[in-house]
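Following: one structure in structure tokens, then a few remarks.
Only the coordinates and a few stated rules stand behind these numbers; no lab work does. Given the structure is predicted, the values throughout are model-derived calculations rather than measurements. All Cβ positions, glycine included, derive from the backbone under ideal geometry; neighbour counts span all protein chains shown.
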């Protein structure tokens, strides 16, 4: 009953374009005719296919001086506008499949990372000369294994999945591994552009989690 009530409420609402800062994100919504929350239901993720043989692999690891439970809690609770914030990547908006809610950058309330969240980001290239909107979907969040899987939306330049896993380090800290399996059909994009740009983008992402922990902003 609650989900039906949420869906009914969502149908009455329009996406508040004036709360979305980035023109490319607004254009993304217009191009895919996403004017109401439930319109996002037609977007699908292009996940990594384990039977595919033509995916490229990108792997980075990050170390934290904090214990694993605290780091895991940080990844789950940091607001999207706080974690997707840097010179290259900025948070545009988020849609959640489970209750059809929309999260804007100026929202202070956040219920935490959950599967079924569609995140639209503004990607800033060449010092802002080029801006692009990219979309991800959170596919899996597991407390037991402390793992997150994020996939690209079907209208993105690349397809595939990102796997973020946490493991306890010998010194009592935490090691975070970020593995991405991706392809786009363009050799130049996959081999030349993607590795460096992706390294910078996820570096900002994990760096923001670290900063929030070091500043003791997160519990």
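Using only Cα atoms, what is the ratio of the radius of gyration of the stretch 143-193 to 2.2 N^0.38 Å?
Working: Rg = 14.6 Å, N = 51, 2.2 N^0.38 = 9.8 Å.
Normalised by 2.2 N^0.38 Å, the Cα Rg of the stretch 143-193 equals 1.49.
Taking the Cα centroid of the stretch 162-177 and of the stretch 66-138, what is the distance between the two, rounded to the nearest whole Å?
Centre-to-centre distance over Cα atoms comes out at 21 Å.
What percent does the relative contact order of the stretch 43-126 come to when contacts are Cα pairs within less than 8 Å and at least six residues apart?
Details: 73 pairs, mean separation 23.2, N = 84.
So the answer I get is 28 percent.
Show me the ranking of peptides 40-47, 191-198, 150-157 by mean Cβ neighbours inside 10 Å, starting with the highest.
Working: 40-47: 16.8, 191-198: 13.9, 150-157: 18.8.
Final packing ranking: 150-157, 40-47, 191-198.
Given Cα pairs under 8 Å that are at least 6 residues apart, what percent is the relative contact order of the chain? All intermediate terms of the calculation are to be shown ahead of the outcome.
Details: 394 pairs, mean separation 54.5, N = 219.
It comes to 25 percent, rounded to a whole number.
Which whole-number value in Å³ per residue fits the convex hull of the alpha carbons of the stretch 13-69?
On the way: hull volume 13.5 nm³, N = 57.
Dividing the Cα hull volume of the stretch 13-69 by its residue count gives 237 Å³.
Students often check this: by mean Cβ neighbours within 10 Å, which of 109-118, 49-58 ranks highest, and how do the rest follow?
Working: 109-118: 14.6, 49-58: 10.9.
The peptides rank, most packed first, as 109-118, 49-58.
Stick to the Cα atoms of the stretch 81-133, pair each with every other, and give me the Kirkwood hydrodynamic radius in Å at one decimal. All intermediate terms of the calculation are to be shown ahead of the outcome.
Working: mean 1/r = 0.0839 Å⁻¹.
This gives a value of 11.9 Å.
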